1. Calculate, for the chain, the solvent-accessible area per residue in square angstrom, rolling a 1.4 angstrom probe over the heavy atoms of the protein chains.
2. Please compute the Kirkwood hydrodynamic radius of region 12-96 from all pairs of different C-alpha atoms, in Å with one decimal.
3. For residue 78 paired with residue 62, estimate the spin-label separation in nm (one decimal), with each label point 7 Å from Cα along the Cα-to-Cβ line.
4. Ranking request for peptides 81-91, 101-111: highest mean number of other beta-carbon atoms within 10 Å first, then the rest in descending order.
5. Hey, can you list the DSSP H helices of the chain whose Cα span along the axis is 27 Å or longer and whose average Kyte-Doolittle score is at least 1.0?
6. Search the structure for amide H atoms under 5 Å from the amide H of residue 121, placed 1.01 Å from N in the peptide plane, and list their residues when 5 or more places away or on another chain.
7. Please give, to one decimal in nm, the separation of the simple spin-label points placed at residue 114 and residue 157, each 7 Å out from Cα toward the Cβ.
8. From largest to smallest, what semi-axes in whole angstrom does the chain give when each is the square root of 5 times an eigenvalue of its alpha carbon gyration tensor?
Amino acid sequence: MAIDTEFALARSASFTALREIARSLSAAWDLDTTLDLIARKTTEVMGVNSCTIYLLDADEHTLRLRASTGLARQSLGRATLQIGEGMTGHAVAQNRPVYAANARNDPHFKWVEDTEEVRFRSLLAVPLVLDGRPIGALNVQTAEAHDYTGDEIEMLALIGDLAAGALVKAQLYDRQRRQLADL
């Protein structure tokens, strides 16, 4: 009976967390606000030390760091990975979550210059996909080695699905706002 109670409490907490993220995302309009909300709420909900968001550039090969709660601020907009490069790029290339309790030992791991990510050990990355095409990637990291559970992987994948739609909406909003300003 105690296991059933623990499961019910964990499940309830997961639903509450997802509801909180969904409410936050529906309130955001512009891209920068949306990126910031996703990174902050994901860090909080997942109980991790860092959440990072990469978005696909127009060339459709380059993932550009756009938001992070744990990496160096000066790397935002500058740090990049190619699709297939690093664990995050590999998650996009494979269109599936990629994770490691000790990321430095993973054959796909790559240090991203000037991000100060050296303090992190574990990494879980999921692709951001909308209508079957990648738009970026979302990853979380912890300072200590951490074996991600199936529920944690599923939670981040679900957050990624919610985030993808919100990010595309925010990109369209920003584009329309620029077009109106140009007129």
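1. Numbers: 9810 Å² over 183 residues.
Accessible area per residue, the chain: 54 Å².
2. Values: mean 1/r = 0.0725 Å⁻¹.
That comes to 13.8 Å for region 12-96.
3. 1.4 nm
4. Working: 81-91: 21.5, 101-111: 14.5.
Order by mean packing, descending: 81-91, 101-111.
5. Working: long enough: 2-27 (38 Å, 0.38); 150-182 (48 Å, -0.08).
Once both thresholds are applied, nothing remains.
6. Amide H neighbours of residue 121, under 5 Å, 5+ apart: 142, 143, 144.
7. 3.5 nm
8. Details: eigenvalues 137, 93, 40 Å².
They are 26, 22, 14 Å, listed largest first.
The values are calculated or read from the model by the stated rules, or taken from the named source; none is laboratory data. Remember, it's a predicted structure, so these values are computed and weren't measured experimentally. Every residue, glycine as well, gets a Cβ built from its backbone with ideal geometry; the counts of neighbours run over all protein chains shown. To get the accessible areas, we keep the full protein, side chains included, count just its heavy atoms, and leave off ligands, DNA and RNA. Shrake-Rupley method; radii C 1.70, N 1.55, O 1.52, S 1.80 Å.
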